[in-house]
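Everything on this sheet refers to the single structure shown next.
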Amino acid sequence: MFVFFKYRQRPKNLVNFMSKEETILDQIWDELAASLEVGGHPFHIFSISTISNNKPDSRNVVLRNVNRNNQSITFHTDTRSNKISQIKNDINVCALFYDSAKKIQIRAYGFISIETDELLIKDRWNQSKKMSKLCYLNKSAPGEKINNPKDYLYDEDDLQNIEVGIKNFSVINIKFNKIDWLNLSHKGHERIIINFTNEDNIKFEWVAP
């Protein structure tokens, strides 16, 4: 069964007037946003799958920003990593979130892109903690062959100018076009497909788990 809605974020006092489908979508965005503030939130670290030589390539990344109005999320990565070339070759992506306590799985499909706004990139860099910035000082690119386990690490002298790491810093955006939501429950599993057909129209479809 298909259900169409025009979707906008609802004021909290209108939540009781929302359909079950709309409530699920609101909960998805609320949980994604909460993962930016709540320590240990299960959605803070999630998995993305890109395409490399016609094969899936998955890894965990850290959620850095959520834009409900634009139906997008953001993470950061090293400009030298393999995922950058993969993104340039194929923009299709799947993001996987799982809450083991609530037994909710979210697979979000969409298009992935590399941020080009230099002012925004600099702002995101400035907001990053020192520990995060240190990762971008490493001498070796992610995946590069090294002789010893710690050979990739930055030199102590590099700590004098940690800001040079911005040259290896990339902001990556994922814009959703579909969400596959699954709730595992002893009362009966539930699964719904949410398609973002355009800015306003959203299609909900219940499917068998």
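None of the figures in this text is laboratory data; all of them are computed from the coordinates on show. Since this is a predicted model, take the numbers as computed values, not measurements. Quick reminder, even Gly has a Cβ in these numbers, built from the backbone with ideal geometry, and neighbours come from all protein chains shown.
Quick one: angle between helix 118-127 and the longest Cα principal axis of the chain, in degrees between 0 and 90, rounded to 10, please. Roughly 90 degrees between the two axes. Coordinate range of the alpha-carbon atoms in region 58-209 per principal axis, descending: 58, 34, 28 Å.
Fully extending the segment from SER132 to LEU153 would add 6.2 nm, taking 0.36 nm per residue of separation and subtracting the current Cα-Cα distance.
A Förster radius of 25 Å, combined with the Cβ-Cβ distance separating ALA34 from THR197, puts the computed FRET efficiency at roughly 0.40. Under the convention that each Lys and Arg Cβ holds +1 and each Asp and Glu Cβ holds -1, the size of the dipole of the chain around its Cα centre is about 440 debye. The overall shape of region 102-151, judged from the alpha-carbon gyration tensor, is oblate: a/c is not under 1.5, and a/b is no greater than b/c.
Residue by residue, region 129-139 carries 3J(HN,Hα) couplings of 6, 4, 4, 6, 5, 4, 4, 8, 8, 4, 5 Hz when phi is fed to the Karplus relation 6.51 cos²θ - 1.76 cosθ + 1.60 (θ = phi - 60°); x denotes Gly or Pro.
The amide H of ASN177, built 1.01 Å from its N in the peptide plane, has TYR109, GLY110, PHE111 as neighbours under 5 Å, considering only residues 5 or more places off or on other chains. At full extension, PHE111 and THR79 could sit 9.7 nm farther apart than now, given 0.36 nm per residue minus the alpha carbon distance.
Cut-off is 10 Å between beta-carbons; in what order do LYS55, LYS102, LYS83 appear when sorted fewest neighbours first?
Values: LYS55 6, LYS102 13, LYS83 22.
The most exposed by this proxy come first: LYS55, LYS102, LYS83.
Could you give the length gained on full extension between ILE51 and GLN160, defined as 0.36 nm per residue of separation minus the Cα-Cα distance, in nm? Can you show the working numbers first?
Working: separation 109, 0.36 × 109 = 39.24 nm, distance 3.77 nm.
The span from ILE51 to GLN160 would gain 35.5 nm if fully extended.
Exposure proxy shown here: for LEU153, LEU63, the number of other Cβ atoms within 10 Å sets the order, fewest to most, as LEU153, LEU63.
For the pair region 164-186 and region 105-142, the centres of their Cα atoms are 12 angstrom apart. Taking 12 Å as the cut-off, the amide N atoms of region 56-91 that come nearer than this to a point 7 Å along the Cα-to-beta-carbon line of ALA141 belong to 78-86.
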